[in-house]
1. Can you give me the relative contact order of the chain as a percent, contacts being Cα pairs under 8 Å and 6 or more apart?
2. Tell me, what is the per residue accessible area of the chain in Å², probe radius 1.4 Å?
3. For the chain, which whole-number percentage of the solvent-accessible area (1.4 Å probe, protein heavy atoms only) is attributable to carbon and sulfur atoms?
4. In straight Cα distance, which aspartates and glutamates are under 13 Å from K197, not counting same-chain residues fewer than 8 positions off?
5. So what are the ³J(HN,Hα) numbers for segment 97-105, from phi and the Karplus equation (6.51, -1.76, 1.60; θ = phi - 60°), rounded to whole Hz, Gly and Pro as x?
6. Got the relative contact order for segment 175-333 handy, in percent, Cα pairs under 8 Å and 6 or more residues apart?
7. Would you list, by chain and number, the lysines whose Cα falls below 22 Å from the Cα of K71, excluding same-chain residues fewer than 8 positions away?
8. Excluding S234 itself, what net charge comes from residues whose Cβ is under 14 Å from its Cβ, given Lys and Arg +1 and Asp and Glu -1?
Amino acid sequence: MPKQRNTSIDIFRMVAVALVIIQHYRLFNMDTAGALWAGLYCRIAVPFFFMVSGYFSWREEPERRTAFLKKQISTIGGILVGSSVFLFIWDFAVGFKIRLTARNFLYLLLFNEPKFLFGHAHMWYMLALIYIFVIGLVVEKLRLHRAAYIAAPVLFAAGVALDLYLFSHGHRYACFTRNFLFDGLPFFYMGQLIHRKEGRILELLPKGRGLAVLAAAAALMWLEATFMMRAGLSLSRTFFLSIPPLSFAVFVNLLNFPAIGRGTLLARYARDASMIIYIIHHAVEDTVKYVAERFWGIQMFQHSTVRFILIFLISGVIGFGYAWLSERRAGKN
C-alpha cells in the first residue's frame with residue numbers, strides 16, 4: 001500500500017509563503033515590537049522550502065534519486081522561465097528598467113541575485129534550487145552523501161560568520177549570504193538527512209517530545225534575538241544560530257502530525273497554489289499600492305496588517321485558481 005501524502009507539509013507550505021510575504025512587507029507597522037518579532041520568526045520560511053526539496057529528494061535506490069533530481073531541474077527550470085516571462089512583462093508595464101551591467105550578471109551567477117532583472121529579488125530561490133539540484137547530481141554520481149551532510153552545518157556556520165563580518169565592515173549585500181551555498185545547501189541536506197533517518201528521529205522525538213523541542217527552539221530564537229539587541233547587533237541578518245533547530249523542530253512536528261487538513265480543498269491545492277503565490281505576491285502588492293493611492297489616496301505602507309491580508313488573499317485566490325485549473329487540465333489529458 002503506497003504511503004499517504006503528508007498533508008501537514010502541504011498546509012505548512014501555505015503558512016511558509018505567508019511568512020515570506022510578512023518578511024517582505026511586514027505584518028505590523030514598522031518600528032513596532034510586533035513587526036520586529038514577526039519578521040524574526042518568519043525567517044524559517046525559506047529554510048523550510050529548501051528542507052522540503054531535500055526531504056522529497058531522498059529515495060532508497062540511487063537511480064530513482066538521480067531521476068528525481070533531473071526531473072526537478074527540468075520542472076523548476078520551466079517554472080523559472082515561465083514566471084520570468086510574466087515578471088518581465090509586469091515590470092515593463094510598471095516602468096521598471098533592467099540594469100544590464102557586468103556586476104549585476106556576476107551577482108546573478110555567483111549569488112543568485114536577480115533583482116536587476118525583476119525589481120524584486122525573490123526569484124533567487126528558484127535559481128538557487130536549480131544550482132542545488134545540479135550539485136545533488138554530482139553528489140549522487142560521486143557518492144558524496146556523507147561529505148554533503150558534514151558540509152551542511154559547516155556552510156551554515158560560514159554564512160553566520162560572513163554575515164557578522166560583513167555587517168561589522170559595512171559591505172554587506174543580502175545576496176552574499178542569501179544564496180544556494182549558505183542558505184540553500186545546508187537546509188536541503190538537512191531535509192534529506194531527516195528523510196533518511198526519519199524512523200529513528202520520530203522514535204526519539206514522538207509527539208510530546210517533538211512539541212517540547214519546538215517550544216525550546218522558539219525560546220532559543222527569542223534568547224538569541226534578545227542578546228543581539230542588548231549587544232547592539234543588527235536583527236536584519238540572513239542567519240541566526242537558532243534557525244536550524246527551529247526549522248528542524250517544525251519539520252519533525254509536521255512528520256509527527258502528518259494528516260493536518262487531510263481531505264480538504266486547502267490541502268489538495270496548497271502545494272501548487274503556494275508556488276504561484278510566491279511568484280506573484282510582489283506584483284499583487286504593486287497593484288494594491290497603486291489602487292489604494294490612485295483611488296483613495298491611501299499609503300499602504302502605513303497599514304501593514306491590511307496590506308498583508310490583501311496581498312495574501314488576492315494572491316491566494318489566483319494561486320488556488322491556477323491549481324484548480326491545472327488539476328482539471330491534467331484530468332482531461
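The values are calculated or read from the model by the stated rules, or taken from the named source; none is laboratory data. Given the structure is predicted, the values throughout are model-derived calculations rather than measurements. Every residue, glycine among them, receives a Cβ derived from its backbone with ideal geometry; neighbour counts consider all protein chains shown. Calculation scope for accessible area: heavy atoms of the full protein, side chains included, ligands and nucleic acids excluded. Shrake-Rupley method; radii C 1.70, N 1.55, O 1.52, S 1.80 Å.
1. It comes to 27 percent, rounded to a whole number.
2. 52
3. After summing per-atom areas, the C and S share lands at 68 percent.
4. Output for K197: E60.
5. 9, 6, 9, 8, 10, 4, 5, 5, 5
6. Reported relative contact order: 20 percent.
7. K3, K141
8. Residues close to S234 contribute a combined charge of +2.
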